[in-house]
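Report on one structure; see the data block that follows.
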Amino acid sequence: MSVLVYTESENGAFKKTAYEVSSYAKGIADMLGTDVAAISFHAADAGDLGTYGVKTLHNVKDAKLDKFNAGAYADAIAQAAKAVDAKVIVISSSADSKYLGSLLSVHLDAGYVSNVVALPSSADPFTVKRSVFTNKAFSNTQISTDRKLIGLSKNAYGLKENPTDCSVVDFAPSLNDDDFKVEVKSVDKATDKVTIADAEIVVSAGRGMKGPENWGMIEELAGVLGAATACSKPVSDMGWRPHGEHVGQTGKPVASSLYIAIGISGAIQHLAGINSSKVKVVINTDAEAPFFKAADYGVVGDAFEVVPVLIEKLKAFKAANA
């Protein structure tokens, strides 16, 4: 019996979420007195997974699974779970994993709990803590099914090293036409920017920027920090920025380590979507802006004066520590 974790990768390299879910799975495995098995698709190197407690990686190399397909991936993961007799399966809270979570739950007849933020408080009954009401409260949820599926919230558990010798085995799931009812024709991604989903730091701006022509300094700040750029809903609605950059309850959720909001007042829908971020910094001319109540750090000032100075200070710091 093992705890199975789905470790996401891209172009053969594991994403940070793969290491976080592995760390979390190792915590559960230690509680249950078992080990961690992982499944991935087209992973190039398993070495790093061993750092976070994975004992065996089941690597799928089927060319039909080059592109993410929720139906086929769910079927393959379910087969791996049965092969290692996994009673607990851990996935992340990425867009892809949320998509396949319900399908995987059906395949395994498993109780599925998403937005989990901590290790189980009890193994019998199996009880996990999850965030609810757009991260305004927590719920202790019992999973009573034989197999249990957990969706771990991003940045909720962190990376914890548990060095283990990790072996790699080729895993060839049996797939059929029903797994490919939805066909993925192509996947287009910007290759020169950090994506919001993967970003540790997000620099976001709103109507306080006064127009799309002023976004250069937002992109420059993001470049200095190695961050993703984002925006508020009104900005994307006005066409100043792409809708793919809209974050908030009605846009993309953000759970970054650092979220910098520039010229954003902080409507409740926006705050609900970024509330899981660890540290929130606000720059706004309005000292009464709602965002300041949610911020860890705030600067009351004109973004057109504050941001250029911040950029120069960061550049100087990086140069001094190069």
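The values are calculated or read from the model by the stated rules, or taken from the named source; none is laboratory data. Values in this document were obtained by computation on a predicted structure and should not be read as measured data. With ideal geometry, Cβ positions are generated from the backbone for all residues, glycine too; neighbour counts draw on all protein chains shown.
Points worth noting:
- Within the stretch 11-42, the only residue that satisfies the criterion of being farther than 18 Å from Leu159 by Cβ and of a type in the set (Ser, Thr, Tyr) is Thr34.
- Which listed residue is within 20 Å of the chain's Cα centre (by Cα) and crowded, with 24+ Cβ neighbours inside 10 Å, from Leu119, Leu104: Leu104
- Any hit, the stretch 151-158, residues being under 30 Å from Ala319 (Cβ atoms) and in contact with a Lys or Arg (Cβ under 7 Å, 6 or more places away or on another chain): yes
- Given (1) surrounded by 14 or more Cβ atoms within 10 Å (Cβ to Cβ); (2) touching a residue at least 24 places away in the same chain (Cβ under 8 Å), number of the condition Gly239 does not satisfy: (1)
- The residues of the stretch 21-39 that are in contact with a Leu (Cβ under 7 Å, 6 or more places away or on another chain) and buried (at least 24 other Cβ atoms within 10 Å of the Cβ), listed by number, are Val21, Ser22, Tyr24, Ala37, Ala38, Ile39.
- Counted as qualifying within the stretch 1-88 are the helices (runs of 4 or more DSSP H) with 2 or more residues that are closer than 27 Å to Ser144 by Cα and acidic (Asp, Glu), namely 16-32.
- Hits in the stretch 1-17 (condition: at pLDDT below 95 and of a type outside the set (D, E, K, R)): Met1, Ser2, Ser9, Asn11, Gly12, Ala13, Phe14, Thr17
- Residues of the stretch 117-138 that turn out to be farther than 13 Å from Ser153 by Cα and in contact (Cβ under 8 Å) with a residue 60 or more places away in the chain, as a count: 3
- Top-ranked residue in the stretch 242-267 [being in contact with a helix residue (DSSP H, G or I) (Cβ under 9 Å, 6 or more places away or on another chain) and in contact (Cβ under 8 Å) with a residue 60 or more places away in the chain; ranked as surrounded by the most Cβ atoms within 10 Å (Cβ to Cβ)]: Ile264
- Qualifying residue in the stretch 294-304 (condition: surrounded by 14 or more Cβ atoms within 10 Å (Cβ to Cβ), in the same structural domain as Met209 (by TED's automatic domain parsing) and among the aromatic types (Phe, Trp, Tyr)): yes
- Pairs linking a residue in the stretch 30-53 that is at positive phi to a residue that is among the acidic types (Asp, Glu) and not in a helix (DSSP H, G or I), with Cβ atoms under 7 Å and 6 or more positions apart or on different chains, are His42/Asp66.
- Every pair of residues 6+ apart whose Cβ atoms lie under 9 Å, when the first sits in the stretch 98-116 and is in the same structural domain as Ala74 (by TED's automatic domain parsing) and within 19 Å of Asp85 (Cα to Cα) while the second is of a type in the set (Asp, Glu) and assigned to a helix (DSSP H, G or I): Leu103/Asp75; Leu104/Asp75; His107/Asp75
- Residue count for the stretch 124-141, restricted to those that are closer than 18 Å to Ser93 by Cβ and assigned to a loop (DSSP other than H, G, I, E, B): 4.
- With a requirement of 1 or more residues that are of a type in the set (Lys, Arg), out of contact with any His (no Cβ under 9 Å at 6 or more places or on another chain) and at pLDDT 95 or above, the strands (runs of 3 or more DSSP E) lying completely within the stretch 249-322 that satisfy it span 279-284.
- Filter result for Ser236 (in the same structural domain as Val307 (by TED's automatic domain parsing) and part of a helix (DSSP H, G or I)): yes
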